[in-house]
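Notes to accompany the following structure.
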Amino acid sequence: MAAQFDSNPAELYTLANQILIYAISDDGGTVASTHRFIVQVFENTTEIAKLYLTANTNSKAFFDLSSIVRERVKVDSNDYAQSETVHDIEDVTPSKYGTRKFQVKVGTYDGSSETLAEATKTIYLVDGTFQIRDSQVPSFGNYYPTTLAAPYNKSWLTERWADKYQQATNDTVDYYFADEDEGVAAWIHDSNIISGIDDKVYLALFNDSGMIGYSDHTITSLGGEALTSTDYDKKVHYIGIAPASVGWASNLPSANPDWTYYLIRLQDNRDQCSKYLRVYRDCGTSKNQRVQIAYANRLGGWDYLAFEGNAEKTETVQNKTYNKALGDWDASTFTFLKSARTVQPYQITAKTKYKLKAYGWNKENYYQLQGLLQSENVMMRYSSGDDKELNDRKSWLPVVVTTKSSVIRDKEQSQIFDVSIEVELAQDIRC
């Protein structure tokens, strides 16, 4: 008698925070009351869990892997070297925490002895979430860069829509960035498990007259891993896509002040193998400082929103006080200064909050609020202005969204939206 898998999630890349059910039985059929199924979970080669499951009345057991692994995979906030935020990079960085390889091994306990690893299944997980409505075994195949013909897989780990017409055989994922904005896109870079074919990345720059120029670049030369690498912690890759983050390209927006948009795609040598990312130049209409919000999305990557209204910053300080004796009671002569303090504050704490505003959002930006509110990793940055003496300018800072709800008016007649949210700095303010 030996434990076996009756069913399991596909041994491919998928999202960690979903129902990941493994059905287990014994190849001998009915099991005794003393029988237990042994489930071991390994992260790479390290055992992280061992469970003993009692068979149900049908002599089977069910195990949900997500309850153990979903907190062990996180979208990366920093580059692989942990030297800067991931949004600051100008080339490519592999993940450090964004993907993991897990093994589920099953065995049996017959009432007196254990037999381990009678069957093994492997799965590769990225941070993200499928909902119950997506079905019990949703496919993640649209996010694999594996196709060389239209319709190309989306490939990019973004929640932005891939339905914008570009040419007869292509749809695009549209972004809107100002010249000084930073930001990255993520994708799975692997040929062992999903037969990925993306070895290059391409950028074509345009102005009102047409294409200014184009170039393609080998991903490994930009800091990426080899497609055949077996280091499965590094399989999610991030590349700069916002105007201030495309330092990897030969045709830079910063060197062409009349640029209007550019296209980015993954390639197999010179052949397209992903949807296009299309970045429009959008400097906004407001004279206020632009605030970028980055949030870890539900697909294992980062998405961005810009708030161009007049951001309101609120400092809240709390302290306790005690009464301090006046003068020096251990001196030879009792004296005190006119500036002497008799009320002394202590245990001072402070919080920094921001109210961010946006006007005239299109429908797609507005729908992204749902992902923003549900994200557990949100960052913000003032992307313009010369207030370098203020310590929250031009740096990516972690924040917590304190706006608890927002009405999403998803009817077709609603096309333009005004939005405000409140966020709080997710760092202690030392006073």
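The values are calculated or read from the model by the stated rules, or taken from the named source; none is laboratory data. Only a predicted model underlies this, so the values are computations on that prediction, with no experimental measurement involved. For neighbour counting, all protein chains shown are included, and Cβ atoms are generated from backbone atoms with ideal geometry for every residue, glycine included.
Summary of computed values
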item: Residues located in the range 268-281, provided they are in contact with a Pro (Cβ under 9 Å, 6 or more places away or on another chain) and surrounded by fewer than 24 Cβ atoms within 10 Å (Cβ to Cβ); result: Asp268, Cys273, Arg281
item: Extreme residue, modelled with the lowest pLDDT, among residues of the range 153-212 that are small (Gly, Ala, Ser) and within 15 Å of Ile264 (Cα to Cα); result: Ala162
item: Residues located in the range 105-122, provided they are in a strand (DSSP E or B) and either in the same structural domain as His189 (by TED's automatic domain parsing) or of a type in the set (Ser, Thr, Tyr) (or both); result: Thr108, Tyr109, Thr115, Thr120, Thr122
item: Odd one out for Leu205 among (1) under 29 Å from Trp361 (Cβ atoms); (2) touching a Lys or Arg at 6+ places or on another chain (Cβ under 7 Å); result: (2)
item: Subset of the range 65-113 (residues that are more than 17 Å from the chain's Cα centre (by Cα) and under 15 Å from Glu182 (Cβ atoms)); result: Glu90, Asp91
item: Matching residues in the range 242-259 - criterion: being surrounded by 15 or more Cβ atoms within 10 Å (Cβ to Cβ) and among the hydroxyl-bearing types (Ser, Thr, Tyr); result: Ser245
item: Strands (runs of 3 or more DSSP E) wholly inside the range 2-104 that include at least 1 residues being more than 26 Å from Phe130 (Cβ to Cβ); result: 3-7, 21-26, 36-43, 46-53, 92-94
item: Any chance Ser67 is polar (S, T, N, Q) and surrounded by fewer than 16 Cβ atoms within 10 Å (Cβ to Cβ); result: yes
item: Those residues of the range 317-359 which are without any contact (Cβ under 8 Å) to a residue 60 or more places away in the chain and either among the small types (Gly, Ala, Ser) or in contact with a helix residue (DSSP H, G or I) (Cβ under 8 Å, 6 or more places away or on another chain) (or both), in sequence order; result: Ala325, Gly327, Ala331, Ser332, Ser339, Ala340
item: Residues located in the range 62-98, provided they are more than 18 Å from Asp127 (Cα to Cα) and small (Gly, Ala, Ser); result: Ala81, Ser83
item: Tally of residues being at pLDDT below 85 and either assigned to a strand (DSSP E or B) or under 14 Å from the mean Cα position of the chain (by Cα) (or both) across the range 380-404; result: 1
item: Among the residues listed as Asn310, Asn377, Asn365, the single one being within 28 Å of the chain's Cα centre (by Cα) and exposed (fewer than 14 other Cβ atoms within 10 Å of the Cβ); result: Asn310
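Conditions tested, residue by residue: (1) under 28 Å from Leu252 (Cα atoms); (2) in contact (Cβ under 8 Å) with a residue 12 or more places away in the chain; (3) of a type outside the set (D, E, K, R); (4) surrounded by 24 or more Cβ atoms within 10 Å (Cβ to Cβ).
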position	(1), (2), (3), (4)
Arg133	no, no, no, no
Pro138	no, yes, yes, no
Ser155	yes, yes, yes, yes
Ala178	yes, yes, yes, no
Ile193	no, yes, yes, no
Leu205	yes, yes, yes, no
Ser209	yes, no, yes, no
